[in-house]
Amino acid sequence: MSRSSSINLRSQLYRGLGFLRGLSYHAQSKTLNKLGRFLFQLESPPIESNKFLQDAARESLFQLLKLDADRFADGTYAPQAHDGLDVVKSWLRSPIVTFKSLAIFSRRKNKDWKVSTQDPLYPKYFQRSFHFQENGYQSAESAKLYDAQVELLFAGSANAMRRLALVPLRVALKSHQEITRKFKVLEVACGTGSGTKLLHAELSRSKHPFELWALDLSADYLGHAKKVCADLVSTHFFQADASELPFESHTFDAVSATFLWHELPNDIRKKALQECMRVLRRGGTFISVESLQLGDNPVLDPLLDQFPLEFHEPFFKSYAGQRLEETEGFTTPFHRELGFLSKCLAWRKE
Ligand SMILES: C[S@@+](CC[C@H](N)C(=O)[O-])C[C@H]1O[C@@H](n2cnc3c(N)ncnc32)[C@H](O)[C@@H]1O
């Protein structure tokens, strides 16, 4: 079989797996949404009957899933970065996820975003129940449910969006091949470690020695990440605030952050972005995968307007109204790619 037909066959296989995974999460999410809205008498937002928008969103999701499959098939992504049959785990967990998610509908109905534990070590903005999830980022229980809930929200495409970061990471790794010292990477706001595993998969296949440092502000999310990433070599987890990174300037070859900026108030977001650039070496790469901003894909703008109304996301509107590409003090990104509801940007530090 020729190389191109073998890639083609593999691509069909990966596409099949990706679409089945997406379909499964989408079906679970639809059922849950119907049940939650019925039980808690919540009206569907008008966008749900906007066929034009639904078609555009579906098309954009399919494009991302196809791209993701093709990148596994042609070797752009390391096989270890694939989700495998993790969707089976999601079926097994679906009763508990459903039960807990119904509590989210109840909090949504009552606009109840207060957390029950007020830890003075956390900044004020953090002490809230983001997405109406149980106790926000301050509970081990919410950390356990987080990944399933994010995949439900994005119809099984959350990891495919996170994987967009692997393309500029690969470029950065390639340009480091001749340098003998370790390739040092910092992941900011690693959450439950889902992105950490993907970064690690790419780093470990390069055969160049590396160190991966992953931080998060939430002790509970970090605890979860440490558990699920226990077998990752050369990887260190620690608790820190993205807006005050405990590193000297010019320490890392690459810094990566996924789905962080929309969770931060404007001033903290600005500080954290500057901090990520500060700790990068000259020539280093800063990679961000985050939600689309208004105007990135105008047909999907109504989804961005609706998102913070449905979920408790008090800083999303200010994030979505800006342009990450025009961050103060940053050069023009050398890499920009949109994937469904996300945007991957990468800058090189001069
Ligand atoms: C939406 S989650 C994204 C997590 C992960 N990167 C992912 O891809 O799923 C946002 C994460 O940002 C963390 N976070 C919020 N504010 C932070 C800060 N100032 N410093 C570090 N982490 C922060 C939260 O604890 C949470 O884990």
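Quick note: the coordinates plus some simple rules give every number you see, no bench work behind them. Here the structure is a predicted model, which is why all the values come from computation and not from measurement. Quick reminder, even Gly has a Cβ in these numbers, built from the backbone with ideal geometry, and neighbours come from all protein chains shown.
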Between Gln12 and Gln118, Cβ-based FRET efficiency (R0 41 Å, step 0.05) works out to 0.20
Computed over region 159-348, Kirkwood Rh from alpha-carbon pairs, angstrom: 16.8 Å
Using a Gaussian network model on the chain with a 10 Å cutoff between Cα atoms, which of Arg21, Arg58, Arg107 fluctuates the most? Arg58
For the residue pair Glu325 and Ser206, what label-to-label distance in nm results when each label sits 7 Å from Cα along the Cα-to-beta-carbon direction? 2.6 nm
Given backbone amide H placed at 1.01 Å from N, residues whose amide H is under 5 Å from that of Phe237, ignoring those fewer than 5 places away on the same chain, are Ala214
For all pairs of alpha-carbon atoms in region 249-350, what percent lies in each bin of width 5 Å, listed from the first bin to the last filled one? 2, 13, 24, 25, 18, 10, 5, 2, 0
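In Å³ and rounded to a whole number, note down the convex hull volume per residue for the Cα atoms of the chain. Don't jump to the answer; show the numbers that get you there.
Working: hull volume 47.8 nm³, N = 350.
Taking only Cα atoms, the chain has a hull volume of 136 Å³ per residue.
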Counting other C-beta atoms within 10 Å, and keeping those with at most 15, which DSSP coil GluC sites (Glu not before Pro) do you find in region 30-118? Glu43
Take the Cβ-Cβ distance between Arg93 and Gln239 as r, set R0 to 41 Å, and report the resulting FRET efficiency rounded to the nearest 0.05. 0.95
Modelled label reach - Asn50, point 7 Å along Cα→Cβ, region 285-327 residues with backbone N closer than 17 Å: 292-311, 317, 320-321
Near the amide H of Ser342, under 5 Å away, which other amide H atoms are found, from residues 5 or more places off or on another chain, if H is placed in the peptide plane? Leu292
Computed from the beta carbon distance with a Förster radius of 22 Å, FRET efficiency for Glu178 and Glu350 to the nearest 0.05 stands at 0.65
Once label points are set 7 Å from the Cα along Cα→Cβ at both Ser5 and Arg278, what is their separation, rounded to one decimal in nm? 5.8 nm
What ³J(HN,Hα) values, in whole Hz, does the Karplus curve 6.51 cos²θ - 1.76 cosθ + 1.60 give for region 161-172 when θ = phi - 60°, with x put for Gly and Pro? 5, 4, 5, 4, 5, 6, 5, x, 5, 5, 4, 5
Length-normalised contact order of the chain in % [C-alpha pairs under 8 Å, at least 6 apart]: 17 percent
Loop-located GluC sites (Glu not before Pro) in region 262-341, at most 13 other Cβ atoms within 10 Å (DSSP): Glu328
Answer in debye to the nearest 20: the dipole magnitude of the chain about its Cα centre, from +1 Lys/Arg and -1 Asp/Glu charges placed on Cβ, is 640 debye
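Going through the cross-link list Lys144/Lys227; Lys197/Lys227; Lys66/Lys100, which pairs have a Cα-Cα distance over 20 Å in this structure?
Check vs 20 Å cut-off fails for Lys66/Lys100.
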Amide H partners (placed H, <5 Å) of Phe183, local residues excluded: Phe210, Glu211
Sequence-separation-based contact order of region 241-344, relative, with Cα cut under 8 Å and 6+ spacing, percent: 30 percent
Highest-MSF residue in the chain out of Glu178, Glu244, Glu141 [GNM, Cα springs under 10 Å]: Glu178
Using a Gaussian network model of the chain whose springs link C-alpha atoms within less than 10 Å, name the residue from Val88, Val289, Val97 with the highest mean-square fluctuation. Val88
